[in-house]
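Each remark here refers to the structure printed beneath this line.
Here, each number is a calculation from the coordinates, and none is a lab measurement. In this text, all values refer to a predicted model and were calculated from it rather than measured experimentally. Counting neighbours? That spans all protein chains shown, and the Cβs are built from the backbone with ideal geometry, glycine included.
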Amino acid sequence: MATVFWDAKGVILLVILPQGQSINADQYCSTLDYLRDGLLRRGVVLQHNNATPHSANLTKQWLQRCSWEILPHPAHSPDLALSDFHLFGPLKRHLGGMAFETESDLVGELKNWFAHLDLDFFRVGIYSLLSRWKKCTDLHGNDVEEKSKSDTLICASFKFIPFKAV
């Protein structure tokens, strides 16, 4: 399981859990603590989906206490799940057919792939989210574009990445 936090400038944090372990609200909040204490302070707008660790009461309380804004993720809106189509789609194609001798080899390949992505890759992803949100909010009467211009918009996501041994 990989958790990725990224913005228009690139990957902010990549957390890899041991094989067979999944993320829960406690772990997610601990990761948010790490981000807040070392990497991000104020003006954060977080985009994540409605997965259980994201929507748990513990996570909601953490976000409220730290004054981080959440870009709402409407149900049945896969086009707003930015990491799923912009980040993990290309990663899945890159890893397709590869096999690794150890889990650390897989982690090394993930870090290498993220490190070699062009800055425009991330910028295009974030700005495509803003245009997708504009279309969505035009239909539903909310405006998130103005808020997002002055804040740091980061995307959080996690994905099960199967470990294929050689």
I need to check one value: relative contact order of region 1-52, counting alpha carbon pairs closer than 8 Å and at least 6 residues apart, in percent. 27
Descending packing, highest mean Cβ count within 10 Å first, for 58-67, 44-53 is 44-53, 58-67
I'd like to compare 11-21, 25-35: which one has the highest average count of other Cβ atoms within 10 Å, and what's the full order after that? 25-35, 11-21
Potential lengthening between Ser128 and Arg93 on full extension [0.36 nm per residue; Cα-Cα distance subtracted]: 10.6 nm
How big is region 1-59 along each principal axis, measuring the range of its Cα positions in Å and listing the largest first? 32, 25, 20
